[in-house]
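Step one of this worksheet: look at the structure below.
The values are calculated or read from the model by the stated rules, or taken from the named source; none is laboratory data. Since the model is a prediction, treat every value here as computed from it, not as a measurement. Here the Cβ positions follow ideal geometry from the backbone for every residue, glycine too, while neighbour counts run over all protein chains shown.
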Amino acid sequence: MAIAQMKRLTIVSEPHLIQPLLFNLQEVKKSEVSAWTELAEDAKNVLQKHSQTIDQRIQDEMTLRDLRNAISFLQEYVPKRNWRQYFEQRPVYSLEQLERTVKESNVPTIVQEINQTRNEIDRLKKEIQSIDDESDFLRQWQRLRMIPADIENLHHFSIHYGSIPSESKATFLESLDQGQINFYLDELFSNKDTTGYAIVIESEDEQNFNNIIRSQSWTHLDYPYSLPPQEQLQQHLSQRKKAVEQDKKLRQSLKSKTEELSTLLLAEEDLANRIERYKVNELLLESQHLMVLRAWVEQSELQHVLDSLSTTFDSTEYAIRIEDALPEEIRANEVPTKLTNNALNRPFESLTLQYGVPTYDSVDPTPYYSLFQILFFGLMSADLGYGLLMFIATWIGGRMTSLSASTKTSLKMFNYMSIGTMIIGLFFGSFFGFDLPFRVMSLSDNVIEIMVFSVAIGLIHMLVGYALKAKLTYQEKDYGSMYLDSLQWMMMIIGAILLAVNAAWPHPLLRLSGLILLIGNIVGMFIANIIITPNKFVGFGKGLFGMISVAGLVGDVVSYTRLTALAVAGANIGMAFNLIVNLLPPFARFTVGILLFIVLHALNIFITLLGAYVHSMRLQFVEFFGKFFELGGKLFTPLKPVEKHITIQKKNH
């Protein structure tokens, strides 16, 4: 249960084996191919970075983008998976089987057909929108029984068709009345924005009319059709109906393309895997006659990798050199960090990595805080019923579904934390806000005792963090930091604990021991800083500054009272919801009341579990990790398949 020991592999082979070799390493999933940071001068003249696949990688990335666009489009129409499919096992392929299946599926043709369908749907959508816009125009002018172009160039009078803003209607009509012209006006339509008119005037009044409309917001009708509005509208509606039917037919045809979607998902998987190999290609070195690959492998997995290579390639086709990580590589953080833990602690690694990656020569905190995380989460949720529901949901999701491995790992972490919720729920005798007939403490009556218990657990939590800091500084032989950053705080905490116990059960020895540890280490803070600092005045100043950290230590201890606060709040909210349901009449209590009970407790479960997760994580990140965690490591990222839709297993030879 620590950070895995790494071995460096150097593999030399002929250039034509690059792809088969990477294919093998990707399928095994245990090797991180690394770049060459330094190269001997004589080797620089012979070996160069392998860059022949850069253009192919760029082309494949563009193809993958188009493929994902096609998948995204098709997923809008293909029926979603029903709940039964989530309980089916994910398809299992070897990389070779996946590649062969995709090659035999004629993926480019499928993508081309889908793109053609999408383009046709887009075209029809634009056509329908255009018809709708034109139809709105035609509906406005449908009282117009003729085409304006057919009645131009009349000898004795002229007809003008146009519109004005409705807000200017009164002003416009007044201008016509006062314009000393003979006219006939017919209002063809009117709405809140625009009013349309047909205006007949005598030919000799043409100039006066033009002067009038020039001063108004008059817009001449531009009528581009060969049929009158009503006839043209019917033609448009007929065209729209055909376009809608064609669009519906195309969309309906997409719903049956389940197999095509499955094929595209496999193609996406295969192409993404190939791109990952191309990326690694660029880290290799090669010459005309050989290729050199460098990789990091976990020591416990080394034999697995070697066995896979020996069963795939002839021993004369490659050579391997195995080395330990060099001290300068460790100091430069070139050695990747891989957390390795037992089944209980492994699910909590994701929580560790959310905070950051520890350095290779540091310590993996996961096994030291996982039980605390279960306990903290349980204390803040603290209900047997809530924990039982969470346990069932996460157990089913983790054991019986086809979710990805990372999702199942997260579900397992919550499954473990639900056990803490159930145990603490039994301890407090709480079941969906109801009191059980047995309990050790009551969330209503023993708040002070629960708070003391929470703080006591928190102090142990902090002591473990300081102990890990002491271990790290001792390994570095930094004895000054070992005292100032860990041992002094551990002894001050122990001293404070002794004084607290003395307050409950007075004894002179407890009081004396507590004062010595507390005051003695405050004095020791000044002495240690003065000793290890060349400038003694600066050392004394550091001691004064350290007094601020003493006050911060009190704040850290108080932070653990949130364990009590969330537990009491969640329990009281649950009891309040039960009281609301009990206030209903008997008939309503067992009808509407059941539904109300479910809804209210579902809300409380969400708030309680979310709060428990966030605040327990805060205690880990701030009060625990902050005391010793050394960030800056490089996470071990082996060359492996994407496994977004399927599971890849190595083919048996």
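Side notes on the structure shown:
- Selected residue (criterion: modelled with the lowest pLDDT) from residues of the range 538-580 that are within 36 Å of the chain's Cα centre (by Cα) and charged (D, E, K, R): D556
- One residue stands out among those in the range 147-201 that are polar (S, T, N, Q), in contact (Cβ under 8 Å) with a residue 24 or more places away in the chain and not in a helix (DSSP H, G or I): the one that is farthest from P224 (Cα to Cα), which is Q180.
- Some residue of the range 441-451 being touching a residue at least 60 places away in the same chain (Cβ under 8 Å), buried (at least 17 other Cβ atoms within 10 Å of the Cβ) and not in a loop (DSSP other than H, G, I, E, B): yes
- The lone exception for R100 - which of (1) free of Cβ contacts under 8 Å to residues at least 60 places away in the same chain; (2) touching a helix residue (DSSP H, G or I) at 6+ places or on another chain (Cβ under 6 Å); (3) of a type outside the set (S, T, Y); (4) under 30 Å from V28 (Cα atoms) it fails: (2)
- Of the helices (runs of 4 or more DSSP H) entirely within the range 202-310, those holding at least 2 residues that are loosely packed, with under 13 Cβ neighbours inside 10 Å and modelled with pLDDT under 90 occupy 206-214.
For every residue, the table says whether it meets (1) crowded, with 18+ Cβ neighbours inside 10 Å; (2) more than 30 Å from A612 (Cβ to Cβ).
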position	(1), (2)
E476	no, yes
Q488	yes, yes
I493	yes, no
I522	no, yes
G541	no, yes
V557	no, no
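- Flag for G480 being assigned to a helix (DSSP H, G or I), surrounded by 15 or more Cβ atoms within 10 Å (Cβ to Cβ) and of a type in the set (G, A, S): no
- For G539, the requirement of being touching a Ser or Thr at 6+ places or on another chain (Cβ under 9 Å), without any contact (Cβ under 8 Å) to a residue 24 or more places away in the chain, not basic (K, R) and not in a strand (DSSP E or B) is met.
- Filtered residue count, the range 100-132, keeping only those that are buried (at least 17 other Cβ atoms within 10 Å of the Cβ) and within 24 Å of T647 (Cβ to Cβ): 4
- A343 being surrounded by fewer than 19 Cβ atoms within 10 Å (Cβ to Cβ), part of a loop (DSSP other than H, G, I, E, B) and of a type in the set (A, V, I, L, M, F, W, C): yes
- Residue, surrounded by the fewest Cβ atoms within 10 Å (Cβ to Cβ), within the range 133-164, restricted to residues that are under 22 Å from Q239 (Cα atoms) and in contact with a helix residue (DSSP H, G or I) (Cβ under 7 Å, 6 or more places away or on another chain): R139
- F432 being aromatic (F, W, Y), closer than 30 Å to L384 by Cα and surrounded by fewer than 16 Cβ atoms within 10 Å (Cβ to Cβ): no
- Qualifying residues in the range 461-474 (those that are touching a residue at least 60 places away in the same chain (Cβ under 8 Å) and not charged (D, E, K, R)) - the one nearest to F526 (Cα to Cα): Y466
- Some residue of the range 387-401 being more than 23 Å from A4 (Cα to Cα), touching a residue at least 12 places away in the same chain (Cβ under 8 Å) and β-branched (V, I, T): yes
- Residues being at pLDDT 90 or above and not charged (D, E, K, R) - total across the range 24-54: 6
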